[in-house]
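Computed from the coordinates by the stated procedures, all read-outs in this text should not be read as laboratory data. If you're wondering where the values come from, they're calculated on a predicted model, not measured in any experiment. Using ideal geometry, Cβ is built from the backbone for each residue, glycine included, and neighbour counts are taken over all protein chains shown.
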Amino acid sequence: MRSAIHFASAALALAALAFTAVPSAAATDTPDPVADAKAFQKFFTQKFPKLKLEDFVNGPYSMNEDLHRQWEEKEQFPPYEFSLDMGKEMFAKPFRNGKSYADCFPNQGIGIRQNYPYFDEKEGRVVTLELALNRCREANGEPPFSYVKDEMAALTAYMAFTSRGKPFEIKIPNDPRALEAYQNGKRYFYTRRGQLNFSCATCHVQSPGERIRAEVLAPALGLLNAMPIYRSEWSGMGTISRRFTTCNSQIRGVPLDPQADEYRDLEYYLSYVSNGLPISGPGARP
Amino acid sequence: MSMIRKMRISTLSLASVLLIAGATSALTAGSEADFKAAYAAAEAANKEAGALRNQWTVTAAALADAKKAADSGDFDRAVASSKEAEALARASIFQATSEKEAWKALEIH
C-alpha cells in the first residue's frame, strides 16, 4: 500500500514536472523570428536528444519505437497513395479554359511546397498553398474545392510529394505587416482556448511523445512538413485546414473558417520555426 | 367494483390529470418570458465571445438544447440550459481576455 502511494506521488511529481518543463520568460514586445526558430528547434532537440533534426518531421513515429516499426511497414503500401495518384492526375488535367494549375505557380508548381505559406506584400496577408490552389481555380473559372479533404488533400499531396526532401524555406520579408502576421500566428499557437483550456502548445510543446488517450502526441517541430496526411482516425486524407479545425473542436472550441487569417498566420509561424527541416508529405498518422 | 364506484374513480383521475395539466400550463406561461430573457442574455454573451474569436462548442450545444426544450414547451429546462450557455459563454470571454497576456508564459525562449 505504502509503495503504491509513493509510486502515485512520484507519478504526480513527474507529471507536474512535465507540465512545467517548458521554459518561460517574459516575452519581449518586438518579435525576433530568427531567435524564435533557433530557440524552438533547440527546445525540441534538447528534449529528444536521440533524434536527428530531420526525424521530427515524422511526428509520433519518431517518439515511439513500436509506432516507428508499424509506420515502416505501413510505408510499404502507403495509405495516402490513392490520394497522391488522384492529385497527380488532377494537377495535369487542364481546366475548361485550357490552362492548368502549372500556369498559376512558379516552376509550374513542381518542387515548390517548401516555400508555402508566403507573405504576399501586395495583399498584405499570408497566402497558403491551399488558398493559392483555390485562387488558381477561381481565376480560371473553376469552382473552389473544400479546404479540408478530398480534392484539396490530393492536390497538396502531389505538390508536397514533388518537394520531398527539400527543406522548409519560409521567408519573412522586411515588411511590418509580415512580422505582425508571424507574431499573430505565434500568439494563436500559444493561446489557450476551448472549454478544455488547451493551446496548440499544450499538446505539441508540453507533451510530445506522451499519450492522449490512445494517441501519441507529435512535436510541434516539423508538424506541418508531413501535411497533408492520411489519418486512420479520419479514415481518409486531411489538409492543414482540417488539422487546425479539428484540433479546435477537439478542445471544445468552435473552429474558425478554414483559411481564416488566424489559421493562415498560424501556418506561417509553425512553418517558419520548422525552417530547414525537410518536406515529408504526404504523410500517414494513426 | 360497482359501475358507479368505477366512474367516480375515473372522474377523480381525470380531474387530477386536468388539475396537473392546468398547473403545468400555468407554470409554462410564467416561465416562457424567463426563457426568452435568459436565452437573449446567453446569445449576447456568446456573440461577445464570437467577436473575440473564442466561442465554445459546449455553449452552442447548450443554446441548441435550450431552444429545443422551449420548442417542446419545457421552459424549466429551457431556462436552465440558457443559464448554462450564458455561464459557458462568460467563461470563454474570460479565457480570451486573460489569454491576451497569459499566452506569453508558455512561449519557448
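Some observations on this one:
- Kirkwood hydrodynamic radius over Cα pairs of chain A, then Stokes diffusion coefficient at 4 °C and 1.567 mPa s, in µm²/s: 65
- Radius 13 Å from Cβ of A:GLU267, net charge of other residues (Lys, Arg +1; Asp, Glu -1): +2
- Pairs from B:LYS67/B:LYS104; A:LYS47/B:LYS100; A:LYS38/B:LYS47; A:LYS93/A:LYS166; A:LYS171/B:LYS104; A:LYS38/A:LYS88 whose Cα-Cα separation, in the structure shown, is over 32 Å: B:LYS67/B:LYS104; A:LYS38/B:LYS47; A:LYS38/A:LYS88
- Degrees between helix A:129-139 axis and first principal axis of chain A (Cα, 0 to 90, nearest 10): 20
- The long axis of helix A:81-92 is offset from the longest Cα principal axis of chain A by roughly 30 degrees.
- Loop-located GluC sites (Glu not before Pro) across the range A:229-286 with a Cβ neighbour count of 13 or fewer within 10 Å are A:GLU233, with loop assigned by DSSP.
- Candidate aspartates and glutamates for bridging to A:LYS149, where Cα separation is under 12 Å - those fewer than 8 sequence places away on the same chain excluded: A:GLU130
- For the range B:31-100, the Kirkwood estimate of hydrodynamic radius, built from reciprocal distances between every pair of different alpha carbons, is 11.7 Å.
- Calculated over the range A:168-262: convex hull of Cα atoms, volume per residue (Å³): 111
- Using alpha-carbon coordinates, inclination of helix A:150-161 to the longest axis of chain A, degrees: 80
- Per-peptide average of other Cβ atoms within 10 Å, ordering A:250-258, B:53-61, A:272-280 highest first: A:272-280, B:53-61, A:250-258
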